[in-house]
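Worksheet for the structure shown next.
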Amino acid sequence: MNVEIAARYLFGKSTLLGMLAGVRKIQTGEVEVLGGDIADPRFAARVLAPDTDSVFHLAAVVSGAAEADFDLGMRVNLGGVRAVLDQVRRCATPPRLVFASSVAAFGGQLPDVLDDSTTPTPQTSYGSQKVISEYLVSDYSRKGYIDGRSLRLPTIVVRPGKANAAASSFASAVVREPLNGVAYECPLSPETGVWLLSPRRVVEAFIHAHDLPASAWGSNRALNLPGITVSVGQMVAAMGKIAGPQTAKLVSFKVDPRIEKIVMGWPVRFATPRAIGMGFKADPGIEAVIRDYIADEGVKIS
C-alpha cells in the first residue's frame, strides 16, 4: 500500500511519511506529508513526537528491488523498522503500531493450503526482512514499548498509479493498463495463481487491526490476512467481461524468468480462520475487485 491510498482513508490530524523526491513537507487539509529517509534515526526523531499514539508502518523497498539490491533492502526494510521502533519506544505511552508484512514471509516446500500454524520460511531477502521485522514488533510489544500488530498482506490488486519494482506489480498492471487503453505484456503465464486483496479491503484491515484491543491479539502479533485465489487468466477474463473483449486483447504474455522465480515461490492458497474470527474480511471475488477499482479511480469504460 502506498501513501496515496492511505491518505484517502485517514481522518483527523495525521502525518504521512514518504520517500518523495524533492519534497520535504506538504500540508493538505488535516494531513501533513513529510518526505525523508525512514532509516535515518534523526528523521524518525523529528516526525515521531513523544505524544504519538498510533503508527501505520507501510514503508518498504519492495520485493523485486530488495532482491536486486540487498544492501538497500536491509537498510530500509530493517533499518527503517528499527529506527521507527526505537523512536516510538520513547513515547509517553506505548503507541499502537500496525506493521505491513507480507505473504512473502512464506516460501520453499509448502503445503497446498497454508494455515495459521504454517511456519514462515522466506525464500527472498524481502520476505526475510519482513519476518525479522515481525519478530521485532512482537518483542517490542512483549516488553511493553509498543502495542504492535503485523499484517501479512496478500498481493494488493488493483493498485492505482504506475508500476513499481515489486515482483507482484504485474498483478495490478495486467488489469490497470488495459483499462487505461494501454497494451500490457505480462511477465508470467495465464495459469499463475495469486493470493490477493483489494485496496479497499486492505485499508479496512489496517484500521480494524489498529482498533482491536491488545487482548484480541494475545502473544501472537502476526496475522495472515484473508484473500482470494485467482489466476492471471481469470483476472484478464473478468476484466474482459466488465470492459469488453477488446480490452482483454490488450494483454499479451512473455515470461520473465527473474520475476517468475520470485513469484512462483509465493503461496496462493490460505485458510485464515484466526483472521476471520477477529473480524477481517476478504473480497467477494475478482469481478468485485475490478469494479471497485473502476469506481474508485473514475476509469471510463468505452
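The values are calculated or read from the model by the stated rules, or taken from the named source; none is laboratory data. The structure presented is a predicted model; accordingly, all values stated were derived computationally and were not measured. Note: ideal-geometry Cβ built from the backbone for every residue, glycine included; neighbour counts use all protein chains shown. Surface areas here come from the heavy atoms of the whole protein model, side chains and all, with no ligands, DNA or RNA. Shrake-Rupley method; radii C 1.70, N 1.55, O 1.52, S 1.80 Å.
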How many of the residues in region 242-264 are open to solvent by 30 Å² or more (accessible area, probe 1.4 Å) and small (Gly, Ala, Ser)?
-> 1
Does Ser101 satisfy the criteria of being more than 19 Å from the chain's Cα centre (by Cα) and of a type in the set (Gly, Ala, Ser)?
-> no
Within region 275-302, considering residues that are touching a strand residue (DSSP E or B) at 6+ places or on another chain (Cβ under 6 Å) and part of a helix (DSSP H, G or I), the one nearest to Arg159 (Cα to Cα) | Ile286
Restricting attention to region 115-156, the residues that are within 30 Å of Pro178 (Cβ to Cβ) and part of a strand (DSSP E or B) number exactly 5
Kindly check whether there is at least one residue in region 5-18 that is within 19 Å of Thr155 (Cβ to Cβ), in a helix (DSSP H, G or I) and at pLDDT below 90.
-> yes
Subset of region 289-302 (residues that are open to solvent by 30 Å² or more (accessible area, probe 1.4 Å), touching a residue at least 24 places away in the same chain (Cβ under 8 Å) and not basic (Lys, Arg)) = Asp292, Asp296, Glu297, Ile301, Ser302
Across region 97-125, the tally of residues that are closer than 17 Å to Leu136 by Cα, surrounded by fewer than 22 Cβ atoms within 10 Å (Cβ to Cβ) and touching a Ser or Thr at 6+ places or on another chain (Cβ under 7 Å) stands at 1
Which residues, taken from region 283-302, are acidic (Asp, Glu) and modelled with pLDDT under 95?
-> Asp296, Glu297
For region 46-67, the count of residues that are among the hydrophobic types (A, V, I, L, M, F, W, C), part of a helix (DSSP H, G or I) and under 19 Å from the mean Cα position of the chain (by Cα) equals 2
Within region 33-78, of all residues that are closer than 25 Å to Asp147 by Cα and among the aromatic types (Phe, Trp, Tyr), the one least open to solvent (accessible area, probe 1.4 Å) is Phe43
Considering only region 190-248, state which residues are acidic (Asp, Glu) and within 23 Å of Ser168 (Cβ to Cβ).
-> Glu191, Glu204
